[in-house]
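Structure first, then comments.
What follows is calculated from the coordinates using simple rules that are stated; it is not laboratory data. Since this is a predicted model, take the numbers as computed values, not measurements. A quick note on method: Cβ atoms are made from the backbone with ideal geometry, for glycine too, and the neighbour counts reach across all protein chains shown.
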Amino acid sequence: MMPMAAFSPRGESRMPWDRVLVTGGAGFLGSHLCTRLLDAGAEVDCLDNLSTGRAEKVAHLAGRPGFRFLERDISAPGCADALTGPYDLVLHLAGPASPAARPEGPV
């Protein structure tokens, strides 16, 4: 099993991941994880279709080296074609916070 990263308050870490994909990266949790992972030195691909996430939540990361925002739907055919893996870690946070918010198409 791969060890978890140990984050310090200053953003220093002992992180075993160089490349990370965060699906649902423009949501509340995803946007915070993108920031922390970048601060720890990872390259981050943030994937979100903005159905419940907001571009403003990751706008401050747009100019940072190692950050890439992809406005895509993870459930759409061909979505994987936009990805430039391989990834060391995938954090899958895509989907509405409440299944009742989207009963016709849960991810």
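Figures for the structure shown
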item: Relative exposure of Ser75, Ser31, judged by other C-beta atoms within 10 Å (fewest first); result: Ser75, Ser31
item: Fully extended contour minus Cα-Cα distance, from Phe28 to Ala59, at 0.36 nm per residue; result: 9.8 nm
item: Relative exposure of Asp45, Asp88, judged by other C-beta atoms within 10 Å (fewest first); result: Asp88, Asp45
item: Rounded FRET efficiency, nearest 0.05, which uses the C-beta distance separating Asp81 from Asp18 and R0 of 22 Å; result: 0.50
